[in-house]
Amino acid sequence: MSVPIILAGHGRLPSGVGEAAEMILGPQSRLRVCELSPRDSPEEFGARVLALAGNAAGVLVLADLHGGSPFNAVRTLAAGHSRLQLVSGLNLPMLLEVLLHTTDDVTELAGVARAAGRDGVVDVLESTW
């Protein structure tokens, strides 16, 4: 079974990144989206994340902004739920690599997300291609 991926972030950003990934890769059954609205409390947001996680043994949450409300809500959850792995800095290259990587190890997948997120940021003036 593949590790569920939850995109957590402000407004429609998670949906937009998810839709872009599906435009490139096609439908992704393990992809879930949790968007923070101005009316949401951290508890409500966290409850939605847990509902999206279901009973999966390991879940990777990709949050848009380190220290933002979605990140903080999931970080609080992750302290009590070791099956949740949280990586911030959600971007399209990160998500594509995660979706293409086949592993049931959520810790390994979190490492893939971190590396792809860093490697996906390129200064064109310094690039060799």
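Can you tell me the convex hull volume per residue for the chain, based on C-alpha atoms, in Å³ to the nearest whole number?
About 114 Å³ per residue, rounded to a whole number.
For the stretch 1-86, what is the charge dipole size about the Cα centre, in debye to the nearest 20, if Lys and Arg each add +1 at the Cβ and Asp and Glu each add -1 at the Cβ?
On the way: 7 positive and 7 negative charges, 38 e Å.
So the magnitude is around 180 debye.
Over the stretch 9-100, give the accessible area per residue in Å² for a 1.4 Å probe, as an integer. Let's see the in-between values first.
Details: 4620 Å² over 92 residues.
Roughly 50 Å² per residue, with all protein chains present.
What's the local net charge at V112, with K and R +1, D and E -1, over the other residues with C-beta under 12 Å away?
Neighbourhood net charge equals -2.
If I histogram all Cα-Cα distances within the stretch 63-106 using bins 10 Å wide from 0, what percent of pairs lands in each bin?
Percent of pairs per bin, in order: 26, 47, 27.
Sum up the charges of everything whose Cβ sits under 12 Å from the Cβ of V17, counting Lys and Arg as +1 and Asp and Glu as -1, but leave V17 out.
Working: positive: R12; negative: E19, E22, E35, D64.
Cβ neighbours under 12 Å give a net charge of -3.
With the Cα gyration tensor of the stretch 14-84 giving a ≥ b ≥ c as the square roots of its eigenvalues, does the rule (a/c under 1.5 for rounded; else a/b larger than b/c for prolate; else oblate) give rounded, prolate or oblate? Walk me through the numbers before you get to the answer.
Values: a/c = 1.98, a/b = 1.33, b/c = 1.49.
Judged from the Cα gyration tensor, the stretch 14-84 comes out oblate (a/c at least 1.5, b/c at or above a/b).
Using a 10 angstrom cutoff on alpha carbons, build the Gaussian network for the chain and name the most mobile of V59, V98, V112.
Of V59, V98, V112, the most mobile in the Gaussian network model is V112.
When the accessible area of the chain is split by element with a 1.4 Å probe, what percent falls to carbon and sulfur? Write out the running numbers ahead of the final one.
Values: 3950 of 7080 Å².
Within the chain, the accessible surface is 56 percent carbon and sulfur.
Would you please put 6-13, 35-42 in order of how densely packed they are, using the mean number of other Cβ atoms within 10 angstrom per residue and starting with the highest? Walk me through the intermediate numbers first.
Details: 6-13: 20.5, 35-42: 13.5.
Put in order of decreasing packing, that is 6-13, 35-42.
Within the stretch 54-83, what residues put their amide N at less than 18 Å from the label point 7 Å along the Cα-to-Cβ vector of R118?
Backbone N within reach: 63, 66.
Please give the net charge around R48, taking every other residue with its beta carbon less than 12 angstrom from that of R48, where Lys and Arg add +1 and Asp and Glu add -1.
Working: positive: R32; negative: E35, D40, E43, E44.
Every neighbour counted, the sum reads -3.
The values are calculated or read from the model by the stated rules, or taken from the named source; none is laboratory data. For clarity, every value in this text was computed on a predicted model and none was experimentally measured. Note that each Cβ is placed from the backbone with ideal geometry, even for glycine, and that neighbours are counted across all protein chains shown. The accessibility values were calculated without ligands, DNA or RNA, using every heavy atom of the protein model including side chains. Shrake-Rupley method; radii C 1.70, N 1.55, O 1.52, S 1.80 Å.
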